[in-house]
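Okay, structure first, notes after.
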Amino acid sequence: MKSHINVRNVVVALVALGLLLLPLYSAVTGNIFILTLFTRIVIFALAAASLNLIMGYGGMMSFGHAAYLGIGGYAVGILAYEGIGSGFIQWPVALAASALYALVIGALSLRTRGVYFIMITLAFAQMAYYIASGLSRYGGDDGLTIYKRSTFGGLIDLSNRVQFYYLCLFCLFGGVYLIWRIINSRFGMVVRGVRSNEQRMQAIGFHANRYRLVCFVISGTICGLAGALLANNTDFISPAGMYWTRSGELMVMVVFGGMGSLFGPVLGTIVFLLLEEVLSQFTEYWALIMGPLLLLIVLFARGGIMGVLGRFSRG
Amino acid sequence: MVDSSGDPLLRVENLVRSFGGIKATDNLSLDILPGELHAIIGPNGAGKTTLISQLTGQLMPNSGAVHFAGRDVTRLPSYQRSRLGLARSFQITSLLPDFTAADNVALAAQAHDGHSFRFWGAARKEKHLRDAAQAALARVGLAQRGDVPVSELSHGEQRELELAVALATKPQLLLLDEPMAGLGVTESARMVALLKELRKEVTIVLVEHDMEAVFALADRITVLVYGRVIASGDPDAIRNNEEVKRAYLGEQHAVTSHG
C-alpha cells in the first residue's frame, strides 16, 4: 500500500482545516475582511472545481463557464425581484436553469472538438451575456441589486456572515466530494477514458458523446450553485459577471491549481484570488504580474500547484 | 472448425470507399465464415486498414453493405457494432495511455456490462469487472502486469494488451490489424501461439504482413490490391496463384518459400 501521508495530502488537509477554522480566526482577531474575502474564494473554488470536472477529467475545454455563474445568479436575483425570496424555490430553479442551459449548449458544442469547442462555448456564453444585458426589467447593463438574501425558513440565516461562509464551505466540500465519487465511478472512468482516447472508447462499445454530455451538464449544474451563492454574497447581479474574462479567470484558477487533480482547483483559486487581492493593493497593473506567473506555471509546472506538491511527495 | 455450410458471420457486398480520386476500397465483396481464421494480405496501400475501419464503423463506406450475424450494420456507429460482438485491434497501438493495463481491459468489460451511468460506486472496486480484466490479461500473458500504466509497458506488451482489450468485449468476430507490427522474433512467435489458441474460440480476420504467420494460421486468405480482391482461397491456392505472385513481385519469394 502506498502511504497516504505525503506533502500533497498534508497541504490539502491543512488548507481544508484552515478553511474550516477561518471564522474562528476572524472572530478572535476581529478581522471581518478576511472572512468576506474567503467567502468569495470558497464560492469561486466551487466554480473552478466544477470546471475542472469537464476540463481536467473530461478533456472539454469550456471557455464559457462564467455563463453558469450568471444563470445561477440571475435565477436568484430575478426571483427575489419578483417577490419570491425562498431559497427552496430560488436554488432549485438556479440549478435547473443551469442544467438546462448546459444540456442545450452541450448538445450543440459537443459535436465539435478542440479549438472549435473552445470557440463555440465562448460564443454561447457571450450570447448569454448579451441576453442578460438586454433584460431591461432587471437592470440591463447596470445589473440588479438583491435586497434580500435567499431565505430558508429560518433554518439558516444567509445574512449572518459566519453562517453564510459555512454554507458556502459546505457546498464546496460537498461539491468536491461529489466530483471525487463521480470520477472514480463507472461513469467517471468512461469520461476519463474518452479524454484519453476517444476512438478506443468507441471501439470497445461506449457512445462517447452521451457520457460527455451528461458530464457537461453535471459540471454546469454545480457551477450554477456557485452562481446562486455568489449572487447572495454580492447582493448584486450584473451581466459583467458572465463576461468572457470571468470564464478565462476560472480556467486560470484550474490551471494554477492543477488540471485533473481533485483539490487542485481549490488551491488554484485561493492562490489566484489572494494574489489578485494583494497585488492590486500595490498596483492597478496587477495583471502584469499575474500574466507572467501563469506563463511560468504553464511552462515549468504543468501539473500546477498540485503537480509541484506531487513531485515533493515522490521526493 | 470452419462451418462452411451455414451463413457467413460477416458478409461484405460491393463496398466502395474513395478518398478524393483514389478508390481505397473498390467494389469489394467478402464472406467470413463462422469459426474460420481469415487472413487479408496485400501490398502497402492495398486498403487493408481502410477495409477494417469500415467493418468496425470508424469509417463509413460510400456505397455497398456490411452484414454481421445476419444484420445490416453498414450505417451503425462503431460503439453499436462493438455491442453486437465485433471487436478490433489497431495497427497503430490505440490504448488509454493514462490508465493501467487492468483499467484498459476492465473498461472494455464494463462497456459490455450494462450502461455506465453509475455515478457513485468505485468502478475499480467492482470485483467482476476486475476479474474479467484479470482473466483477459492472463489469456495474453500479461497476468502480472495489470497494475502497470500503459505508458510503461513495452511495445510487445502493448500489442498483447490490445488483444486483451478486444477479448474482454467477448467478441464473436475479432478483427486484428497487424497484431505482429513491430514485434521481435520471439514476441511474434508468442503472438502466433496465442492466435492459434484464440482461433479455437472466436472467428478471426487477420490483417498481417508477416507471411510466415499468415500461412501458418489462416484457413483462408484474401489478397487485396488497390482496394480490390484479386484472389481468395486456401493457403495453397493463394501460394500458387499467378496474379498474387505478380502483385507481390518483390515479396513473392517470401510468399512461396516461407510457406
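How many lysine pairs does the protein assembly as shown hold where the Cα atoms are under 22 Å apart and the two sit 8 or more places apart or on different chains?
For the protein assembly as shown, the number of qualifying lysine pairs is 9.
Under Stokes-Einstein, with the Kirkwood radius over Cα pairs standing in for Rh, what whole-number D in µm²/s applies to region B:98-170 at 4 °C and 1.567 mPa s?
Details: Rh = 12.1 Å.
So the translational diffusion coefficient is about 107 µm²/s.
Taking beta carbons within 10 Å but only from partner chains, what does the mean come to for residues B:95-102?
On the way: counts 3, 10, 3, 6, 5, 0, 0, 0.
Mean shielding count: 3.
Report the FRET efficiency, 1/(1 + (r/R0)^6), for residue A:84 and residue B:147, where r is their Cβ-Cβ distance and R0 is 41 Å, rounded to 0.05.
On the way: r = 54 Å, r/R0 = 1.32.
After rounding, the FRET efficiency stands at 0.15.
How far, in nm, would the chain grow between residue B:135 and residue B:71 when pulled straight, counting 0.36 nm per residue and subtracting the alpha carbon separation? Walk me through the numbers before you get to the answer.
On the way: separation 64, 0.36 × 64 = 23.04 nm, distance 3.01 nm.
Result for the pair: 20.0 nm of gain on full extension.
If you build the convex hull over the alpha carbons only and average its shadow over all orientations, what do you get for chain B? Give it in nm² to one decimal.
Projected over every direction and averaged, the Cα hull of chain B covers 14.4 nm².
Report the label-to-label distance for residue B:125 and residue A:199 in nanometres (one decimal), using points 7 Å from each Cα along the Cα→Cβ vector.
The answer from the label model is 3.6 nm.
Distance from a point 7 Å along Cα→Cβ of residue A:145 to each backbone N in region A:62-94: keep the residues under 16 Å and list them by number.
The answer is A:77-78, A:80-82.
For peptide B:76-82, how many partner chain Cβ atoms fall within 10 Å of a residue's Cβ, on average? Working shown, then result.
Numbers: counts 0, 3, 9, 10, 3, 3, 6.
The mean count of partner-chain Cβ atoms within 10 Å per residue comes to 5.
Hey, with R₀ at 45 Å, roughly what FRET efficiency would residue A:27 and residue A:312 work out to, going by the Cβ-Cβ distance, to 0.05?
Calculated value: 0.85.
As an exercise, use a Förster radius of 45 Å and the Cβ-Cβ distance of residue B:185 and residue A:16 to find the FRET efficiency, rounded to the nearest 0.05.
Details: r = 56 Å, r/R0 = 1.23.
Using R0 = 45 Å, I get an efficiency of 0.20.
Would you calculate, for the protein assembly as shown, the mean residue ellipticity at 222 nm contributed by helices, counting each DSSP H stretch of 4 or more residues as -39,500 (n - 2.57) and dividing by all residues, to the nearest 500?
On the way: 23 runs with 322 residues, N = 574.
That comes out to -18000 deg cm²/dmol.
Could you work out how far apart the two model spin labels at residue A:104 and residue A:136 are, taking each label as a point 7 Å from the Cα in the direction of the beta carbon, and quote it in nm?
Here the modelled spin labels are 2.2 nm apart.
Gain in length, residue B:115 to residue B:197, computed as 0.36 nm per residue apart minus the alpha-carbon separation, to one decimal in nm? Walk me through the intermediate numbers first.
Numbers: separation 82, 0.36 × 82 = 29.52 nm, distance 3.10 nm.
Taking residue B:115 through residue B:197 to full extension adds about 26.4 nm, to one decimal.
I'd like to compare A:61-73, B:28-40, B:140-152: which one has the highest average count of other Cβ atoms within 10 Å, and what's the full order after that?
Values: A:61-73: 28.6, B:28-40: 21.4, B:140-152: 16.0.
The most tightly packed comes first, giving A:61-73, B:28-40, B:140-152.
I want the local charge near residue A:235. Using Cβ-Cβ distances under 9 Å, sum +1 for each Lys or Arg and -1 for each Asp or Glu among the other residues.
Values: positive: A:148, A:149; negative: none.
Value of the local net charge: +2.
Quick check: residue separation of residue B:63 and residue B:172 times 0.36 nm, minus the Cα distance between them. What number comes out in nm?
Working: separation 109, 0.36 × 109 = 39.24 nm, distance 2.50 nm.
Net length gain for the segment: 36.7 nm.
Other chains near B:118-129: what is the mean number of their Cβ atoms within 10 Å of each residue's Cβ?
Numbers: counts 7, 12, 7, 5, 8, 8, 4, 1, 2, 0, 0, 2.
Mean inter-chain Cβ contacts per residue within 10 Å come to 5.
Based on other C-beta atoms within 10 Å, arrange A:4, B:115 from fewest to most.
Numbers: A:4 9, B:115 14.
Fewest to most other Cβ atoms nearby, the residues stand as A:4, B:115.
Name the residues of region B:37-68 whose amide N is less than 14 Å from a point 7 angstrom out from the Cα of residue B:237 along the C-beta direction?
B:38-39
Which of B:162, B:197 comes first, and how do the rest follow, when ranked by fewest Cβ neighbours within 10 Å? Spell out each step's value before the answer.
Numbers: B:162 23, B:197 10.
Ranking B:162, B:197 by Cβ neighbours within 10 Å, fewest first, gives B:197, B:162.
Over all directions, how big on average is the projection of the convex hull of the alpha-carbon atoms in chain A, in square nanometres?
17.8
We did not get these values from a lab; they are worked out from the coordinates using the rules stated. The model shown is predicted, which means the values in this text are computed figures rather than measured ones. Note that each Cβ is placed from the backbone with ideal geometry, even for glycine, and that neighbours are counted across all protein chains shown.
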